[in-house]
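To start, the structure under review is shown below, and the notes come after it.
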Amino acid sequence: MLKPIELRHRARAAGLHFLISLAIAALAAVLVLAVWYPGDYAVLSGGRSLFWLLVSVDVVMGPLLTLVVFDIRKPRAELVRDLAIIGVLQLAALLYGLSTVYQARPVALVFEVDRFRVVNAADVLMDELPQALPEYRQLPLTGPWLLSARESQPGDERLRSIELALKGFDLGQRPSYWQAYPLARARLLARSRPIAVLLEKHPQVSEELGRLLSRSGQAADGARFLPVVSRVDACAVVDRTGELLGFVRADGFF
């Protein structure tokens, strides 16, 4: 049975390890939530839930293992070895988790036909990346681009689009279709609907929508919306010129 003094030493070592882990987690939070998944994309792309799962496992695992193995009666070399192994395991788990979060990061918000799509790095048809416009051949690291997808040309290109769509690659996921967002504003506005339609279907978002419109200085009667394909139900809110104002959490496919 452990003596009280031994328990205190173990608790102190585990507490110190916890504080170190927490500091590292805070740095990782800046990278993930401020750089890779900025703003609403932490929710739209599932980055927040992925990150908290990663952090909760990593921050808890290391200190718990330290609590188990730390023993002042051990030879110093053996104790250092045990703690080093724990540190390596914890670092490996963190790096693996961060690589998973990195692969799932949003790289583009693309307007396609009648909706927006949040495109994650893992969703991109990478074979087409060399065919993209020069400015889109390297996926971004600091948040997604705002883009549109051009329309397919009749004939072989349209048939190819249908074939790839059946395999799970829609236009927004194909770099060869990416173009500047303003080029599709006329199509976007034609497909968008008045915000009053959204409020009639989802009155529960009126407060969230009010805050969004207030921040952007936009009147409700001039705002419009389109559905968003993402990890959660969401709608993109735009003004009468097609400028993106933000998002509200509601299913826009109705």
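The values are calculated or read from the model by the stated rules, or taken from the named source; none is laboratory data. Given the structure is predicted, the values throughout are model-derived calculations rather than measurements. Counting neighbours? That spans all protein chains shown, and the Cβs are built from the backbone with ideal geometry, glycine included. Ligands, DNA and RNA are excluded from the accessible area calculation, which covers all protein heavy atoms including side chains. Shrake-Rupley method; radii C 1.70, N 1.55, O 1.52, S 1.80 Å.
Could you look at the chain and say what percent of its accessible area is carbon and sulfur, using a 1.4 Å probe and all protein chains?
Reported share for carbon and sulfur atoms: 62 percent.
Taking the Cα atoms only, what angle lies between the long axis of helix 4-29 and the longest principal axis of the chain, rounded to 10 degrees?
The helix 4-29 is inclined about 20 degrees to the chain.
Using Cα atoms only, what is the angle between the long axis of helix 156-166 and the major principal axis of the chain, expressed in degrees (0 to 90) to the nearest 10?
Approximately 40 degrees, to the nearest 10.
Suppose we keep just the alpha-carbon trace of the chain; what are its Rg and Dmax in angstrom?
24.2, 80
Sorted by average packing, counted as other Cβ atoms within 10 angstrom per residue and highest first, what order do 6-16, 232-242 take? Kindly include the intermediate steps, with their values, before the conclusion.
Details: 6-16: 14.6, 232-242: 19.0.
The densest-packed peptide leads the list: 232-242, 6-16.
Give me log10 I(q)/I(0) at q = 0.24, 0.25 Å⁻¹ for the stretch 195-248, Debye formula, one equal scatterer per alpha-carbon, no solvent.
For the requested q values the scattering log ratios are -0.93, -1.01.
Do me a favour and compute the ellipsoid semi-axes for the stretch 66-194 from its Cα gyration tensor, root of five times each eigenvalue, largest one first, whole Å.
In descending order the semi-axes read 48, 15, 12 Å.
Which part of the stretch 104-148 falls in the paramagnetic zone of residue 167, meaning amide N under 16 Å from the point 7 Å along Cα-to-beta-carbon?
Residues passing the 16 Å test: 123-131.
Grab the Cα-Cα distance for residue 9 and residue 243, subtract it from 0.36 nm times how many residues apart they are, and report the gain in nm with one decimal.
So the extension gain works out to 78.3 nm.
Grab the Cα-Cα distance for residue 71 and residue 91, subtract it from 0.36 nm times how many residues apart they are, and report the gain in nm with one decimal.
5.0 nm
Can you give the relative contact order of the chain as a percent, counting alpha carbon pairs under 8 Å and 6+ residues apart? Intermediate values should be presented prior to the final figure.
Values: 371 pairs, mean separation 42.8, N = 254.
Across the chain, relative contact order equals 17 percent.
If I take every Cα pair under 8 Å that is 6 or more residues apart in the stretch 52-156, average their sequence separation and divide by the length, what percent do I get for the relative contact order?
It comes to 23 percent, rounded to a whole number.
Arrange the residues 107, 57 by how much accessible surface each exposes, largest first, with a 1.4 angstrom probe.
Heavy-atom accessible area, descending, gives 57, 107.
Per residue, how many Å² of accessible area does the chain show with a 1.4 Å probe?
Result: 54 Å² of accessible area for each residue.
Can you sort 169, 254 by 1.4 Å-probe accessible area, starting with the largest?
From most exposed to least exposed: 254, 169.
With everything on Cα atoms, drop me the angle between helix 76-103 and the longest principal axis of the chain, reported from 0 to 90° to the nearest 10.
Tilt of helix 76-103: around 10 degrees.
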